[in-house]
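Trainee: Have a look at this one before I ask anything.
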Amino acid sequence: MTQIFTPPETRIAIVTGGARGIGAAIATRLAEDGHDVAILDLDREQCADSIRAVEATGRRGMAVSADVSDEDAVRRAVAQVADTFGSPTVLVNNAGVLRDASLSKMTVRDWDFVLDVNLRSAFLMSREMEPHFRATRWGRVVNLSSIAALGVFGEANYAAAKAGVQGFTKSLAIELGRFGVTANVVAPGFVITEMTREVARRVNLSIEDVTKEMMVNNWVGRAGIPEDIANAVGFFADV
């Protein structure tokens, strides 16, 4: 028998790493689409602009300070959102970091840090959200991967983490589908954000030079912007 899963009247989204860049654009897009939005980030104060953008749409916004690679912090953060807004129904695992180095120069600390923030956090957040999805009989998980999952020189840690996100998401879809939950991945290419600007500065290049280099294999003909990614996430959060 085919089951019909109906979305709740009040849709509540959690976006990790939503203080700036792609995460901030996602938070705004979800609010425009009718979600109340909670942003989880290390520094609650840095979320102020994102929260103002959410609230400008007429939806509720809140910021929670949390290290999403820490199990206890994740548990407290999701509970705080549920206590304030109600049971969350949409999870966007966007938090991510880079620690670039060639294999011979990469430290175990940098390997672990990138895997923890990019992959471990997606696992912890998804696991903590599962009871809410099951109770509501509806949920949407959108995980941010990257084309770097295909392999990039100097980013073995990041490539491994983002490839792991893709495999993890496929397993989520299989496990949680029977509860009305979908799980999808958005894998951006080169997007101009503060993080990519920081990378350019570290290698003593201008963002214009980096963009020109990245456009060699970019058939769209331009660099991505955060709103491009937010639009894709918004689609998966609602279908």
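Trainee: Just to confirm a number: summing +1 for Lys and Arg and -1 for Asp and Glu over residues other than Leu103 whose beta-carbon lies under 14 angstrom from that of Leu103, what do you get?
Mentor: -1
Trainee: Where does helix 226-238 land angle-wise versus the long Cα axis of the chain, in degrees 0 to 90, nearest 10?
Mentor: That works out to roughly 30 degrees.
Trainee: Something else now. Residues in the stretch 37-74 near a label at Val108, defined as backbone nitrogen under 15 Å from the 7 Å Cα→Cβ point?
Mentor: none
Trainee: Then there's this: Among the aspartates and glutamates, which have Cα under 16 Å from the Cα of Lys162 when same-chain residues fewer than 8 positions away are ignored?
Mentor: Here the aspartates and glutamates satisfying the reach criterion relative to Lys162 are Asp100, Asp110, Asp112, Asp116.
Trainee: With Cβ to Cβ distances under 11 Å as the rule, what net charge do the other residues near Gly86 carry (K, R +1; D, E -1)?
Mentor: -1
Trainee: Running a GNM on the chain with Cα contacts under 10 Å, which residue among Arg140, Arg75, Arg222 ends up with the highest mean-square fluctuation?
Mentor: Largest GNM mean-square fluctuation: Arg222.
Trainee: By the scheme Lys and Arg +1, Asp and Glu -1, what is the net charge of all other residues having a beta-carbon under 15 Å from that of Asp36?
Mentor: 0
Trainee: Between Glu32 and Ser206, what is the FRET efficiency for a Förster distance of 25 Å, r being their Cβ-Cβ separation, to the nearest 0.05?
Mentor: Plugging the Cβ-Cβ distance into 1/(1 + (r/R0)^6) gives 0.15.
Trainee: Hey, any idea what Rg/Rh is for the chain, computing Rh the Kirkwood way over Cα pairs?
Mentor: Value, to two decimals: 0.97.
Quick note: the coordinates plus some simple rules give every number you see, no bench work behind them. Everything numeric here is computed off the predicted structure, so don't read it as measured data. Glycine also receives a Cβ, built like all others from the backbone with ideal geometry; neighbour counts cover every protein chain displayed.
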